[in-house]
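Have a look at the structure below before the remarks.
Every read-out reported here was derived from the displayed coordinates using simple, explicitly stated rules and does not represent laboratory data. Note that the structure is a prediction, hence the values are computed from the model and not measured. Quick reminder, even Gly has a Cβ in these numbers, built from the backbone with ideal geometry, and neighbours come from all protein chains shown.
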Amino acid sequence: MTEQQFAVPEAGAVFTPTDEDRRALDAWFARYEALSARADVEAMADMAVFPLNVVTDDAAGNGSAEQWDRERFTATMSQVLGGADGEEPRFESVRTPQFLTPSLVVVFTEGVVTAGGHTQTLRYADILLKRNGEWAFQTMIQGGWGDTGKDGGAS
């Protein structure tokens, strides 16, 4: 029997983040949530890598994976964030990041958003990557976005 060689890239080895790695990631999310609260979708888009992967499902339970360009992202976020009746949404989130390397992280979030007298719990995941020392999101995984933008309405 011939023995096969198995080579894993050194960068794929287990990475343990430092306190600074966590602080930088937390600061990125704080900035993103502040921009979301102000519905500053252009600045939010500046924090992404396009095409953005969106993995979701719709109300009928059909899963999908799409790539959104900047235009679709800003149009969708403008539509979704424009419905708070002038009240800035309030976010409360507990994040569990899984750093794959110093520049790749999958972040699982359990959150609550309150706006316009309505409170909704959320569960989602994001994949972020570091470019030129700055975090940027490249994939969002959350249920319900499959109906957003269809027939002019948001789910």
Q) Which ³J(HN,Hα) values, rounded to whole Hz and listed in residue order, are derived for region 51-62 from phi using the Karplus coefficients 6.51, -1.76 and 1.60 in 6.51 cos²θ - 1.76 cosθ + 1.60 with θ = phi - 60°, glycine and proline given as x? A) x, 8, 7, 10, 10, 7, 9, 10, 4, 7, x, 8
Q: Taking H placed 1.01 Å from N in the peptide plane, check which residues at least 5 places from Ala48 or on another chain put their amide H under 5 Å from its amide H.
A: Phe137
Q) Do you know the relative contact order of the chain, to the nearest whole percent, from alpha carbon pairs under 8 angstrom that are 6+ apart? A) 24 percent
Q.
Within 10 Å, Cβ to Cβ, of Leu25, how many net charges do the neighbouring residues add up to if Lys/Arg are +1 and Asp/Glu are -1?
A. +1
Q | Cα-based shape type of the chain, given that a ≥ b ≥ c are square roots of the gyration tensor eigenvalues and the cut on a/c is 1.5 | A | prolate
Q.
Under the 0.36 nm per residue contour assumption, what length would be gained going from the current alpha-carbon distance of Asp58 and Val14 to full extension?
A. 12.3 nm
Q. By its C-alpha gyration tensor, with a ≥ b ≥ c as the square roots of the eigenvalues, how is region 80-129 shaped: rounded for a/c under 1.5, else prolate for a/b larger than b/c, else oblate?
A. prolate
Q: Towards the positive end of the charge dipole of the chain, with charges on Cβ (+1 Lys, Arg; -1 Asp, Glu), say which of Met44, Ala59, Gly82 has the farthest Cα.
A: Met44
**Q.** Value of [θ]222 nm, deg cm²/dmol, for the chain, DSSP H segments ≥ 4, -39500 (n - 2.57) each, nearest 500
**A.** -7000 deg cm²/dmol
Q. Regarding region 49-109, what are the three Cα extents along the principal axes, ordered largest first, in Å?
A. 40, 27, 26
Q.
If I model a spin label at Arg70 and Arg123 as a point 7 Å from the Cα along the Cα→Cβ vector, what separation in nanometres do I get?
A. 3.5 nm
Q. Points 7 angstrom from Cα along the Cβ direction at Val49 and Glu88: gap in nanometres?
A. 3.0 nm
